[in-house]
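Peer 1: Structure incoming, see below.
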Amino acid sequence: MNEPSTIDSYPFELNDFDPAVDTITSEVVDPGPSAADRSVARRASLQILYELDTTDHPLPETLKAHLAERPEAYAVRQHIRRFVEGVIAHRPTLDGILQEYAPEWPVDQVAVIDRNILRLAIYEYLLQKRKTPAPVIINEAVHLAQVFGAENAHGFVHGVLGAITSELEPQIERTTDETATV
């Protein structure tokens, strides 16, 4: 039978600690979904949305195949599912917003990767229950455009999302304030 091990020295000073009398306990705290989880989910969602936009693959099978290949935690896969299903369900609305804020670029002429980065960011900003601040959404979208887009894609994505948030942020805050007073 193994005896509990004792520590003869500690890597830090324990003032007023007597190992014969005192004990150290710890607890596991669930930190909730991390920002890194959402970043991984955005990247994976973008890949799925790109595939769906460039092929005739059905959503359920495509989503199932991608999720089966993902080693990430359950929470990440749930973010992916929510992002992808949300963008697909609201694609006409998202494309209408995109067309309104980038009128010189018909949606079908915007590069596929840029179009899906913008759809994802607009969905996350406007159509889901907001949990992520607008600057974070914009920074993530710009980063995706830098990694996956053409040379100046990040500037286009930043410009469109900046226009949307600068115009709609006061309306969102006003709507939130009005519903809070009701």
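Laboratory data are not the source of any read-out in this text; all were calculated from the coordinates shown. Predicted model only: the values in this text are computed from it and were never measured. Virtual Cβ from ideal backbone geometry, glycine too; neighbours counted across all protein chains shown.
Peer 1: Give the peptides 111-124, 145-158 in descending order of average Cβ contacts within 10 Å, highest first.
Peer 2: Per-residue mean Cβ counts within 10 Å order the peptides as 111-124, 145-158.
Peer 1: Where does the range 84-149 land on the Kirkwood hydrodynamic radius, alpha-carbon pairs, in angstrom?
Peer 2: When all Cα pairs of the range 84-149 are included, the Kirkwood radius is 12.1 Å.
Peer 1: Continuing with the same structure: In nm, what is the difference between 0.36 nm times the number of residues separating Asn139 and Arg82 and their Cα-Cα distance?
Peer 2: Roughly 18.5 nm would be gained on extension.
Peer 1: Right, something else. With the crude spin-label approximation of a point 7 Å out along Cα→Cβ, what separation in nm comes out for Gln146 versus Glu100?
Peer 2: 3.0 nm
Peer 1: Something else about it: Given an 8 Å cut-off on Cα distances and at least 6 residues of separation, report the relative contact order of the range 35-170 as a percent.
Peer 2: Reported relative contact order: 23 percent.
Peer 1: Give me the Debye-computed log₁₀ of I(q)/I(0) at q = 0.10, 0.20 Å⁻¹ for the range 35-170, equal point scatterers on Cα only, no solvent, two decimals.
Peer 2: -0.29, -1.23
Peer 1: Sticking with this structure for a sec: What FRET efficiency comes out for Ala73 versus Gln128 if R0 is 22 angstrom and r is the Cβ-Cβ distance? Round to the nearest 0.05.
Peer 2: Using R0 = 22 Å, I get an efficiency of 0.65.
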